[in-house]
Amino acid sequence: MRYLIPLFAIAAVAAPQLTVKSLPLPGATGPVSLDYLACDRAKGKVWIPAGGTGSVDVLDKATGALKRIEGFATVEKEAHGAKRMMGPSSATIGAGFVYVGNRANSAVCAVDAEKLVLGACLELPSSPDGLQYVAATREVWVTTPRDLSLTILDASSPAKLSIKTKVALDGEPEGYGIDEKRGLFFTNLEDKNKTLAVDVKTRKVVSTWDAGCGAEGPRGLALDPVRGWLFVACTDGLNQLDLAHDGARLARLDTGAGVDNIDYLEAKQLVFVAAGKAEKLTVAHAEAGKLTVVATAPIGSGARTVVVDSAGAGYVVDPAKGQILLVSAPP
């Protein structure tokens, strides 16, 4: 006897596609250097360092309004064989202040989070890349890849930063993440294909793992401190590492090329990955040893970093068009 299998029993179900809206940035008349964003989930604000515009734009999620904070230094520099106007490029949410890194003058500036007013800036010996506020020690940890180090800033007087110390590394730090519970700061060594865990009190590298990203090396990081998962972005996908078992790889997800910084929503166990060359945002649900795609969204070429708010809506940089892409939350 022959049996026919219904098509619905074997057909793959495509992940739903999310809606995308464009948000042009004030003062942007063409391409804008856009890198790291910061999302203040508690207050519903997204901080957008807008490179050569010399400003940081703050998006209020509730109203959709943009507030522009001006006065940041800018300078034209050559990068990857082309001249670009550089300026504010990274941010981290502190206690009452947001700290903004600026590649134009190697400074980190304090911005009043309520008044949205630019305050004192501190020039560093080396250009800042990523910033991470560490609440337990009231510090700002800065990846400074040009001199192969982490620069640690004292934020005990939050309106005025000062340099506390430097941690020398064996390669170029790329990406950042903090596990306040375990007292660990995480970063990658892009040129060594390694992921590091650094004790925030002793400043010592306590673990070094294979990032599993191959010759092009790792990029951004995201963390689930409750479940003990560390997500490491490669240029074409994502690796899930197990903190309880010496960084053992639990799962791998291919997302397409052009990945840089990623984000994670712990409450829903969702990881967000923007692949600028593939022009696709991937949202995946994480379990131990399993990453399942639950939604995708079309994004522009070069749209390679993303942050997510408390509801699961994504915010993706689109530097070629000088805008932010607003992506709806997955169902």
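Bear in mind these aren't lab numbers, they're just calculated from the coordinates by the rules spelled out. Just so you know, these numbers come straight off a predicted model, no measurement behind them. Glycine gets a Cβ as well: all are built from the backbone with ideal geometry, and neighbour counts include every protein chain shown.
The relative contact order of the chain, computed from alpha carbon pairs under 8 Å that lie at least 6 residues apart in sequence, is 13 percent.
Measuring max minus min along each principal axis, the C-alpha atoms of region 169-331 give extents of 42, 30, 25 Å (largest first).
Distance from the Cα centroid of region 19-68 to that of region 135-188 is 24 Å (rounded to whole angstrom). Among the lysines of region 164-319, pairs that are 8 or more positions apart or on different chains and have alpha carbons within less than 21 Å of each other number 14. In a reduced charge model with +1 at each Lys and Arg Cβ and -1 at each Asp and Glu Cβ, the chain shows a dipole moment near 420 debye about its Cα centre. When the P(r) of region 227-304 is calculated, the portion above 20 Å amounts to 25% of the C-alpha pairs. Using the Stokes-Einstein relation with a Kirkwood hydrodynamic radius computed over Cα pairs, the translational diffusion coefficient of the chain at 4 °C and a viscosity of 1.567 mPa s comes to 65 µm²/s.
Using only alpha carbons, region 270-312 has a radius of gyration to Kirkwood radius ratio (Rg to Rh) of 1.00. Projecting each Cα onto the charge dipole of the chain (Lys/Arg +1, Asp/Glu -1 at the beta carbon, about the Cα centre), which of G289, A42, S126 comes out farthest on the positive side? Selected residue: A42.
For region 58-160, the fraction of C-alpha pairs more than 20 angstrom apart is 40%.
When the convex hull of its Cα atoms is viewed from all sides, region 109-172 shows a mean projected area of 4.4 nm². The Cβ shell under 13 Å around V294 holds other residues with a net charge of +1, Lys and Arg each +1, Asp and Glu each -1.
Each Cα pair under 8 Å and six or more residues apart adds its separation to the average, and for region 10-96 the resulting relative contact order is 26 percent.
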